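Undergrad: Can you keep this structure in mind? I'll have questions shortly.
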Amino acid sequence: MIAPVFLAGVAIPDRHVLALARRLRARGFRLEARRLEQARRDKVIVFAPGLGDREAILQACEECPPELAELHAALLRDIEWFRRG
């Protein structure tokens, strides 16, 4: 079993990392999908995306399945925090 990737402080199981990458790619975020897939291949435990990647992932999580709801909420908080400066 592959360990989860922590993204925005949320543990994302391997199968959901792949699903998220597919959602990113389907919405035109190919670079962000590649970064996430590369992190998985490299067995990165904590993936700390920048603001642009976080915004792309947030968009990919819109109308997300329940298993990505916690990630969606965490990214929304992070982005609001970044914007407040």
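Undergrad: Go through the stretch 26-47 residue by residue and tally those that are touching a strand residue (DSSP E or B) at 6+ places or on another chain (Cβ under 8 Å) and touching a residue at least 40 places away in the same chain (Cβ under 8 Å).
TA: Residues meeting the conditions: 3.
Undergrad: Right, here's the next one. Does Glu62 meet the test of being acidic (Asp, Glu), modelled with pLDDT under 90 and not in a helix (DSSP H, G or I)?
TA: On the way: acidic (Asp, Glu): yes; modelled with pLDDT under 90: yes; not in a helix (DSSP H, G or I): yes.
When the stated conditions are applied, Glu62 passes them.
Undergrad: Continuing with the same structure: Kindly evaluate Arg40 against the criterion of being in contact with an Asp or Glu (Cβ under 9 Å, 6 or more places away or on another chain) and at negative phi. Explain how you work it out, then say what you get.
TA: Values: in contact with an Asp or Glu (Cβ under 9 Å, 6 or more places away or on another chain): yes; at negative phi: yes.
Considered against the rule, which asks whether it is in contact with an Asp or Glu (Cβ under 9 Å, 6 or more places away or on another chain) and at negative phi, Arg40 comes out as yes.
Undergrad: Let me ask another. Those residues that are touching a residue at least 12 places away in the same chain (Cβ under 8 Å), over 14 Å from Glu55 (Cα atoms) and either basic (Lys, Arg) or assigned to a strand (DSSP E or B) (or both), I need them from the stretch 1-22; list them, please.
TA: Scanning the stretch 1-22 gives Val5, Phe6, Val10, Ile12.
Undergrad: For the stretch 44-59, give me each residue that is part of a loop (DSSP other than H, G, I, E, B) and either of a type in the set (A, V, I, L, M) or modelled with pLDDT of 85 or more (or both). Steps first, please.
TA: Going through the stretch 44-59, the residues part of a loop (DSSP other than H, G, I, E, B) turn out to be 44-45, 48-50.
Selection gives Val44, Ile45, Ala48.
Undergrad: Any residue at all in the stretch 66-73 that's in contact with a strand residue (DSSP E or B) (Cβ under 9 Å, 6 or more places away or on another chain), without any contact (Cβ under 8 Å) to a residue 12 or more places away in the chain, of a type outside the set (S, T, N, Q) and more than 23 Å from Ile2 (Cβ to Cβ)? Spell out how you get there, then give the answer.
TA: Filtering the stretch 66-73 down to residues in contact with a strand residue (DSSP E or B) (Cβ under 9 Å, 6 or more places away or on another chain) leaves 67-68, 70-71, 73.
Imposing the further condition that a residue be without any contact (Cβ under 8 Å) to a residue 12 or more places away in the chain reduces the set to 73.
In the following step, the residues that additionally are of a type outside the set (S, T, N, Q) were identified as 73.
Narrowing the set further to residues that are more than 23 Å from Ile2 (Cβ to Cβ) leaves 73.
There is at least one residue in the stretch 66-73 that is in contact with a strand residue (DSSP E or B) (Cβ under 9 Å, 6 or more places away or on another chain), without any contact (Cβ under 8 Å) to a residue 12 or more places away in the chain, of a type outside the set (S, T, N, Q) and more than 23 Å from Ile2 (Cβ to Cβ).
Undergrad: Still on this structure, I have one more. Does the stretch 23-43 include one or more residues that are in a helix (DSSP H, G or I), more than 16 Å from Pro4 (Cβ to Cβ) and of a type in the set (Asp, Glu)?
TA: Looking for residues that are in a helix (DSSP H, G or I), more than 16 Å from Pro4 (Cβ to Cβ) and of a type in the set (Asp, Glu), one finds at least one in the stretch 23-43, hence yes.
Undergrad: Closer than 19 Å to Leu18 by Cα, basic (Lys, Arg), under 13 Å from the mean Cα position of the chain (by Cα) and modelled with pLDDT under 90: does that describe Arg34?
TA: Values: closer than 19 Å to Leu18 by Cα: yes; basic (Lys, Arg): yes; under 13 Å from the mean Cα position of the chain (by Cα): yes; modelled with pLDDT under 90: no.
In short, no.
The values are calculated or read from the model by the stated rules, or taken from the named source; none is laboratory data. Only a predicted model underlies this, so the values are computations on that prediction, with no experimental measurement involved. With ideal geometry, Cβ positions are generated from the backbone for all residues, glycine too; neighbour counts draw on all protein chains shown.
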